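The values are calculated or read from the model by the stated rules, or taken from the named source; none is laboratory data. On a predicted model such as this, the values are computed, not experimentally measured, just so you know. For neighbour counting, all protein chains shown are included, and Cβ atoms are generated from backbone atoms with ideal geometry for every residue, glycine included. Ligands, DNA and RNA are excluded from the accessible area calculation, which covers all protein heavy atoms including side chains. Shrake-Rupley method; radii C 1.70, N 1.55, O 1.52, S 1.80 Å.
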Amino acid sequence: MKLCIIGTGYVGLVSAACFAEMGNTVTCIDVNPAVVEKLNIGTVHIFEPGLEDMVRRSHADGRLFFTTRLAEGIAGSDCVFICVGTPSLPDGSCDLSYVQQAAHDIGREMQNELIVVDKSTVPVGTADMVREIIENGLAARKRTDIVTVVSNPEFLKEGAAIADFMKPDRVVLGTNSQKAAALLRELYAPFARTRDKILIMSPRSAEMTKYAANCMLATKISFINEIAMICEHVGADVRDVRTGIGSDTRIGYQFIYPGLGYGGSCFPKDVKALIHTAGNAGVVPLLLNAVEAVNARQKQHMAVRIQEYFAPQGGVKGKTLALWGLAFKANTDDMREAASVSIVGLLTAAGMRVRAFDPVASGNAQRIFKENSLVEILDDQYSACDGAQGLLVATEWNQFRNPDFERVKSLLTAPLLFDGRNLYAAASMAERGFAYFCIGCSAEL
């Protein structure tokens, strides 16, 4: 098929690359000429394992194109995908200005019957709004072309987006049009060869499915972090508790890893947006409010424990913390809503210096902390430890899982390790002579 994708951000570029990989001809539209120029020479502006190679291959083979002109992409296309950002507004609602602009642009440019697929994460009712905007644009041009708007939410995990797209758990299509459903079934058929993964429902149900999925996952994270907090106060070990409950097939082990809270571009935004949607509908979302509150507390929890540890030694002021990991999770450079930002902010506000390292997020970190003179971003994980009073591991990068502990110990002024991802075994750390603190345990182990 011939596809047009509006937006070359995370969702747009991954979708474009994967569709092109299956033989479709895809034209990506971005309003930023610098981004388009980079993409046309094979430079990808976001970090996602495997993405750059896939983009370069399809671009070189003549299946993937990049331009700033929507008219070029929309002409003759079977489908136009809207894959633009929908960031949070101060009140927690979803900023739909980019989606609305895309709809206005489509209404001005479309020349024939068209299927418009909304892949951005949007509130319930957005498909109706997009259709109305496009139809108004057509009416202003005195055109009677039929536009069908489909909700097709993405379910991509940062760091594993290629695999998620190529082998999806499900493909949700929100449409009341049999014609649109048939075309999109054909488009997604190569991604669902082993079983029927395509779910057809109403546009509003599809939009709600995306929010419900992310809020459910966020709920599991906040739940296990709440349990971890209780464990710390009653002398239990959350790692044992996790094993005990995860073995129940009704619960399972996925997304019950205690840590520093959820972050990134999806969960925080989507929980806030569904809370706002519920409020507008007259519903008080008690559970979602609690999920958000627990997560906000968890992001600062390890910083509080560090302050408590150093309190008998005159506090954290003037001391230095080595920090391994800045991205909100491994295999991404995304620092949006990352726990590291909250931790660094709280500790440096109290006068502590932070020497940090991340394998891929250092560029974003330099930008975020450029005004904070107490933060130093280094290009080597061991250099960050040199002369520091302790080490905090905040992101579960593979290279942090089995480091040279003797080297770490020799570089720190004291063998002190705070494990925000529960990567290490307490007994092993004790044998190595470390004072070791993790999530969900009552005290030093």
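Annotations
- Qualifying residue in the stretch 359-382 (condition: closer than 16 Å to PHE434 by Cβ, within 28 Å of the chain's Cα centre (by Cα) and surrounded by fewer than 16 Cβ atoms within 10 Å (Cβ to Cβ)): no
- Failed item in (1) small (Gly, Ala, Ser); (2) modelled with pLDDT under 95; (3) over 30 Å from VAL360 (Cα atoms), with SER151 passing the rest: (2)
- Options MET166, MET216: the member that is outside the structural domain of LEU13 (by the TED database), surrounded by fewer than 17 Cβ atoms within 10 Å (Cβ to Cβ) and of a type outside the set (D, E, K, R): MET216
- Scan of the stretch 326-383 for residues that are part of a helix (DSSP H, G or I) and either more than 21 Å from VAL304 (Cα to Cα) or touching a Gly at 6+ places or on another chain (Cβ under 6 Å) (or both), ordered by number: ALA339, SER362, GLY363, ASN364, ALA365, GLN366, ARG367, ILE368, SER383
- For the condition assigned by the TED database to the domain that holds ILE146, at pLDDT below 95, surrounded by fewer than 17 Cβ atoms within 10 Å (Cβ to Cβ) and of a type outside the set (A, V, I, L, M), GLN111 qualifies.
- Residue check, VAL316 touching a residue at least 24 places away in the same chain (Cβ under 8 Å), open to solvent by less than 60 Å² (accessible area, probe 1.4 Å) and assigned to a helix (DSSP H, G or I): no
- Elements of type strands (runs of 3 or more DSSP E) in the stretch 127-223, at least 1 residues being out of contact with any Leu (no Cβ under 8 Å at 6 or more places or on another chain): 147-151, 171-174
- Pairs with Cβ under 8 Å, 6+ apart, first in the stretch 367-392 and among the hydroxyl-bearing types (Ser, Thr, Tyr), second assigned to a strand (DSSP E or B): SER383/ARG355; SER383/PHE357
- When ASP128, ASP105 are screened for being within 26 Å of GLY279 (Cα to Cα) and charged (D, E, K, R), only ASP128 passes.
- Contacts under 6 angstrom Cβ, first residue in the stretch 42-63 being among the acidic types (Asp, Glu), partner open to solvent by less than 50 Å² (accessible area, probe 1.4 Å), 6 or more apart: GLU48/ALA161; GLU52/VAL44
- Close pairs (7 angstrom Cβ cut-off, 6 or more residues apart or separate chains): without any contact (Cβ under 8 Å) to a residue 24 or more places away in the chain in the stretch 148-176, assigned to a loop (DSSP other than H, G, I, E, B) anywhere: ASP164/PHE155; ASP164/LEU156; ASP164/LYS157
For every residue, the table says whether it meets (1) hydroxyl-bearing (Ser, Thr, Tyr); (2) closer than 25 Å to GLY264 by Cα; (3) at pLDDT below 95.
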{"residue": "LEU13", "(1), (2), (3)": "no, yes, no"}
{"residue": "CYS18", "(1), (2), (3)": "no, yes, no"}
{"residue": "THR27", "(1), (2), (3)": "yes, no, no"}
{"residue": "HIS45", "(1), (2), (3)": "no, yes, yes"}
{"residue": "PHE66", "(1), (2), (3)": "no, no, no"}
{"residue": "GLY76", "(1), (2), (3)": "no, no, yes"}
{"residue": "ILE82", "(1), (2), (3)": "no, yes, no"}
{"residue": "PRO87", "(1), (2), (3)": "no, yes, yes"}
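- If you go through the stretch 384-425 and keep only what is farther than 27 Å from ARG297 by Cβ, part of a loop (DSSP other than H, G, I, E, B) and either open to solvent by less than 50 Å² (accessible area, probe 1.4 Å) or not polar (S, T, N, Q) (or both), you end up with ASP386, GLY387, PRO403, ASP404, LEU412, ALA414, PRO415.
- A single entry from SER265, SER222 fulfils the requirement of being at pLDDT below 95 and either surrounded by 22 or more Cβ atoms within 10 Å (Cβ to Cβ) or not assigned by the TED database to the domain that holds ARG170 (or both): SER265.
- In the condition set (1) more than 26 Å from the chain's Cα centre (by Cα); (2) open to solvent by 40 Å² or more (accessible area, probe 1.4 Å), ARG297 is compliant with all but (1).
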